[in-house]
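This report refers to the structure that appears directly beneath it.
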Amino acid sequence: MGRLRYLNPFRIRNAVREIRRISGAGGPTKLRVVSIGHPEGWILPSTEIVLEVEAKDGSVSRFAPALPVPWPYAWAYRLARRLGVPLVRAYDPEKPGFEVAVPRRG
């Protein structure tokens with residue numbers, strides 16, 4: 001992730017392009033969380049979350065937005081990793097994958 005994490009014009013443009021493509025393919029059917037990164041940044045912490053959206057036609061689009069993390073949570077997480085708390089130490093950002101069906105009308 002670069003210096004412009006939240007308002008990077010290239011990331012915004014790519015996200016809008018993918019959203020239009022998904023809408024043109026019949027809309028989303030599933031949302032899958034692939035990975036959640038570790039908090040980065042000292043004053044304004046954020047984390048990158050990787051999402052996959054499956055459209056009705058079967059195509060899959062991947063998004064990786066940077067989301068803000070509350071400051072106390074980010075610092076508590078860093079402190080727990082430094083102290084070697086077992087639950088935090090065993091966390092693997094590639095494993096929390098889960099998917100959710102998108103509700104439809106009718």
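The values are calculated or read from the model by the stated rules, or taken from the named source; none is laboratory data. None of the values given here were measured: they were computed from a predicted structure. Because the Cβ atoms are built from the backbone with ideal geometry, glycine has one as well, and the counts that use them run over all protein chains shown.
The table that follows gives values for the structure above.
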item: Index of the failed condition, Ala80 passing every other in (1) free of Cβ contacts under 8 Å to residues at least 60 places away in the same chain; (2) within 19 Å of the chain's Cα centre (by Cα); result: (2)
item: All positions within segment 22-46 that are assigned to a loop (DSSP other than H, G, I, E, B) and of a type outside the set (Val, Ile, Thr); result: Ala25, Gly26, Gly27, Gly37, His38, Pro39, Gly41, Trp42, Leu44, Pro45
item: Test: residue in segment 94-106 that is touching a residue at least 40 places away in the same chain (Cβ under 8 Å) and among the acidic types (Asp, Glu); result: yes
item: One residue from Val60, Val69, Val33 being of a type in the set (Val, Ile, Thr), in contact (Cβ under 8 Å) with a residue 60 or more places away in the chain and either out of contact with any Phe, Trp or Tyr (no Cβ under 8 Å at 6 or more places or on another chain) or at negative phi (or both); result: Val33
item: Selected residue (criterion: surrounded by the fewest Cβ atoms within 10 Å (Cβ to Cβ)) from residues of segment 3-46 that are at pLDDT 80 or above, small (Gly, Ala, Ser) and closer than 22 Å to Val60 by Cβ; result: Ser35
